[in-house]
Amino acid sequence: MTESTLNRTTVPVLPADPTASDLDEIALSLGEYAQILARLGRRPSEVELGMFGAMWSEHCGYKNSKPLLKLFPTTGPRVLQGPGENAGAVDVGNGLAVVMKMESHNHPSAVEPVEGAATGVGGIIRDIFTMGARPIAVLDSLRFGPIDRPRNRFLFEGVVNGIQRYGNCIGVPTVGGEVYFADSYSGNPLVNVMAVGVIESRKLIRSIAQGVGNTIMLVGADTGRDGIHGCSGLASRELSDENEEQRPTVQVGNPFLEKLLIEACLELSETDHIVAMQDLGAAGITSSLVEVASKGSVGVEIDIDRVSRRESGMTPYEVMLSESQERMLIVVRRGREDAVKAIFDRWGLHSDIVGRVTADGRVRVLDAGQVVADAPAEVWADPPVYRRQGIRPAYLDRVQAYNTDNLKPVLTPGDSLLKLLAFPDIASKHSVYRQYDYSVQTNTIIGPGDGDAAVLRLKGTNKAIAVATDCNGRYCYLDPRLGAQIAIAESARNVVCAGGEPIAVTDCLNYGNPEKLEIYYQLEEGVRGMADACRALGVPVISGNVSLYNETNGEAIYPTPTVGMLGLLEDLGHARGMAWRQGDVVALLGNNAEQSLGGTAYLEAVHGVVAGRPPALDLDVERAVQATCLEGIRQGVIRAAHDCADGGLAVTLAECAIKGGVGLAVGRAEIDACAGELPARAERWLFNEAQSRIVVSLSEDDLPKLAEIARAHGVSLTMLGAAGGERLIIGDWLDLPISELARSWQGGLSSGGHDD
Amino acid sequence: MWHASHQLDHYDCVILPGGFSYGDHLRAGAIARFAPVMGSIERYAADGGLVIGICNGFQILCEAGLLPGALLRNDCLQFRCGWVNLRVENAHTAFSNAAQPGQVLRMPIAHGDGRFYADDATLARLEANGQVVLRYCDAAGRTTAASNPNGSLNNIAGIVNAAGNVFGMMPHPERCCEEVLGGTDGRLIFESIIATIRSRQVAPAPAGR
């Protein structure tokens, strides 16, 4: 063998083993390195080692969460694609599928909020059209530290700016989401973005490479030096004060380019030129290449010398690990390359032939003919999996022991309500969503702020979908399992209130460092809680993402398993908002007997205490209440619905009144009627956060019908009064004009003054 | 029609829709104004063809000089999405004849650069010629500062050129043509255009060259 042939076929292995600190740069441990040596039977090359760092990161490899994720129910009659693809897909009839996925972009947003959030939006939208689906909606679930601190406000405003910049420009409406604030998110904000798309089911595209000899093309943006080590260095490690140095690991997005990429890829999906498509997200070319190969049980060989680049002098390592945005890897049928290129040319996008599908099951990377990486795809695709035994954190006993029985009121009930309405978690998010284009594409029936979920019609049908995100991090902190159950239950309830039947879940599991066994406990309990509730309510998890290591200087965030819920409306006429109309009667589904204020927004906002047990959840009752509400809507009885959540019944009533511009007087008899057996006490009745409650409004004539539906489901129904007047009056506890309620609610997020 | 085309086929009306052409890089509409197709649109307009620009389309028409004035960053310096009220100032244009003079319309807006600006002389000319077609107002039709979502001069939301065949507006009539989307006032704009085309059909509309 001549020397030159030898060079072409031999991997240039590292001259010596890397040190622990070298490995830490790419978030690998010495133990993991030992496994790499064993699997390869030799030292890795520099490129290979970088690929291991990326593929074995929690972000790509789920090495801490994989066994837990198996607990989720992921199948059902509607499921066309469960977890494991770029996004999940469910059948909604009419030959259509709804595709959805949620993903985190927490650490990039902590380091560079505008671009971090923007590329979060771009990345998740890419997951949708990679499946061949047209993106029709984005939702954002955001968490920050208290906004009275300048750094937190900077991050909050930057993230919102990034979302609006990317989402508005690309022409996908941002229709919903949530914003919460708590100390634990200071320094480690959460930016969870959910995207939803629609496709004719038969056109769904997968990311499974097939057909030896088929061509691998890289399309879209050129490859630059941005985002290198984004998934290993940034997403899969804790943050510290040195994160400023990590700004180069954040990618920079170009929404216009992605808009072109959407149109080109959707045009491509109408042809039969391709066998697979995979977007380049975390770990760039590395992960997309390994994934298409391992899913297809084939090999792939590419020459990165053929990859168009933004700058000269990039090393193979940099090209393989770049997280430059707006790129896509496609597997093209042999002979169709020119046809594919013509489509991308028309949209003004690059398309490079970079390699081919091979038979040997290996991922082989060449740089101008010189091998720089070469190993079986599984070596990278199946990272070591850690099964840990979690330890119940000590703090749980302490916080759960907190008893609210003897809590002394510090404000009048009216002032407490005003304070709650202005509490940033509860306050109107109008100042946020008015920056998002939520009506583009002309599908939005219920937009942000008008209902418990956003409702979008499915063009060409009489159907619509309802989408909502939800998670109460405070509950999950106080009881990781119950809090996660409630996240599922409440998001399903939200979708039901808007008229939809819950049919699928996507999620984003945000936790601290799972190597700490107390955190692992939170994660495991959270997954179990979600799985419990999903099973009870009959909704499968079809996609999701795990974001661990959400800690700053050793302090973990609240466990935050964010849930994205999809509901289906068989008739778009079932869409419901929350606003009352003059003369409608207002009633409560479910009862108001909860006697504890543990874990409530009231306890935090008014008393400054985060403790106690979150409200109990009976999943059978939950299911019955949701079924009642849905049937009431479908029969045309319920005109508006709003669930009781943060701030309890009083806040729910106030929000419906503000939205409708019409008041309500709840009399003593009505108060007692839904208070259970114990005597009603002001703060408890007004602000408890008992689950499984929905405030509905309807014509008085329809009350007997609703009573019948409720009776059939064994759900209690209590009349609260008739909507009218300009004041919210609850017994002799509070009496406030709607204008004053609205002022508090609308001003809660502003840095001074009021939101218009 | 495709942006790179140099040829305009026979059309009754050209609509430049909204949508961040070229990502609003440089300035909203500043690059689209140089798109190859714009040359034919300019000739089409010069020959009396109907052209309407909505949102980014309005910005492009201003950049291209087909409409006077400019659209600056909203005075709040943020993107604004929501519903606005519009008063019909001139119901005798090709784009507003289906509305009543003074009628208040409800339409969505979604823009970051919608603040209409023109120098004093231009503004005076627009007002004197009845070229201001739509103005932001409150529900009662009063043109207040609070009802102006972006700081546009004289609350201007839509203008027509002196010849009356080129129209630009920031609000989105196409997003409110169905009850299910929250309103149908946008239909008035399209019904006006259709009525104009019908009335013109005695003599065919000009073709682009």
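Structure values in brief
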read-out: Selection count where residues are in contact with a Gly (Cβ under 8 Å, 6 or more places away or on another chain), crowded, with 23+ Cβ neighbours inside 10 Å and under 16 Å from residue B:67 (Cα atoms), scope the range B:110-141; value: 4
read-out: Residue list for the range B:156-182, restricted to those being touching a residue at least 12 places away in the same chain (Cβ under 8 Å), within 11 Å of chain A (Cβ to nearest Cβ) and either in a strand (DSSP E or B) or acidic (Asp, Glu) (or both); value: B:174
read-out: Hits in the range A:368-398 (condition: in contact with a Gly (Cβ under 7 Å, 6 or more places away or on another chain) and outside any loop (DSSP other than H, G, I, E, B)); value: A:376, A:377
read-out: Unmet criterion (only one of (1) within 16 Å of the chain's Cα centre (by Cα); (2) under 26 Å from residue B:201 (Cβ atoms); (3) within 14 Å of chain A (Cβ to nearest Cβ)) for residue B:51; value: (3)
read-out: Condition check for residue A:523: surrounded by fewer than 24 Cβ atoms within 10 Å (Cβ to Cβ), outside the structural domain of residue A:709 (by TED's automatic domain parsing) and in contact with a Gly (Cβ under 8 Å, 6 or more places away or on another chain); value: no
read-out: Failed item, numbered, when residue A:546 is tested on (1) crowded, with 21+ Cβ neighbours inside 10 Å; (2) more than 20 Å from the chain's Cα centre (by Cα); (3) not hydroxyl-bearing (Ser, Thr, Tyr); value: (2)
read-out: Failed criterion for residue A:465 (all others in (1) in contact with a helix residue (DSSP H, G or I) (Cβ under 8 Å, 6 or more places away or on another chain); (2) more than 30 Å from residue A:301 (Cα to Cα); (3) not in a loop (DSSP other than H, G, I, E, B) hold); value: (1)
read-out: The range B:20-78, subset closer than 13 Å to residue B:170 by Cβ and among the small types (Gly, Ala, Ser), residue surrounded by the fewest Cβ atoms within 10 Å (Cβ to Cβ); value: B:70
read-out: Near pairs, Cβ below 7 angstrom, 6+ apart or cross-chain, from the range A:33-58 (within 18 Å of residue A:317 (Cβ to Cβ) and at pLDDT 95 or above) to any residue that is surrounded by fewer than 23 Cβ atoms within 10 Å (Cβ to Cβ) and acidic (Asp, Glu); value: A:43/A:17
read-out: Qualifying residue in the range A:554-565 (condition: closer than 30 Å to residue A:109 by Cα and either at pLDDT below 95 or within 14 Å of chain B (Cβ to nearest Cβ) (or both)); value: yes
read-out: Residues of the range A:21-62 classified as hydrophobic (A, V, I, L, M, F, W, C) and assigned to a loop (DSSP other than H, G, I, E, B), total; value: 4
read-out: Residue count, the range A:137-168 (criterion: of a type in the set (A, V, I, L, M), touching a Gly at 6+ places or on another chain (Cβ under 6 Å) and farther than 19 Å from residue A:473 by Cβ); value: 1
read-out: The range B:6-39: number of residues that are in contact (Cβ under 8 Å) with a residue 12 or more places away in the chain and away from chain A (no Cβ under 12 Å); value: 19
read-out: Lone qualifier among A:396, A:417 - being surrounded by 19 or more Cβ atoms within 10 Å (Cβ to Cβ) and at pLDDT 95 or above; value: A:417
read-out: Pair list, Cβ under 8 Å, 6 or more apart: the range B:106-117 residue within 12 Å of chain A (Cβ to nearest Cβ) and over 18 Å from residue B:186 (Cα atoms), other residue part of a loop (DSSP other than H, G, I, E, B) and of a type in the set (S, T, N, Q); value: B:112/B:74; B:112/B:78; B:113/B:74
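Conditions tested, residue by residue: (1) part of a loop (DSSP other than H, G, I, E, B); (2) facing another protein chain (nearest Cβ under 9 Å).
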residue	(1), (2)
A:403	yes, no
A:411	yes, no
A:417	no, no
A:425	yes, no
A:437	yes, yes
A:442	yes, yes
A:451	yes, no
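The values are calculated or read from the model by the stated rules, or taken from the named source; none is laboratory data. The shown structure was predicted, so the numbers you read here are calculated from the model rather than taken from an experiment. Note that we place each Cβ from the backbone using ideal geometry, even for glycine, and neighbour counts take in every protein chain shown.
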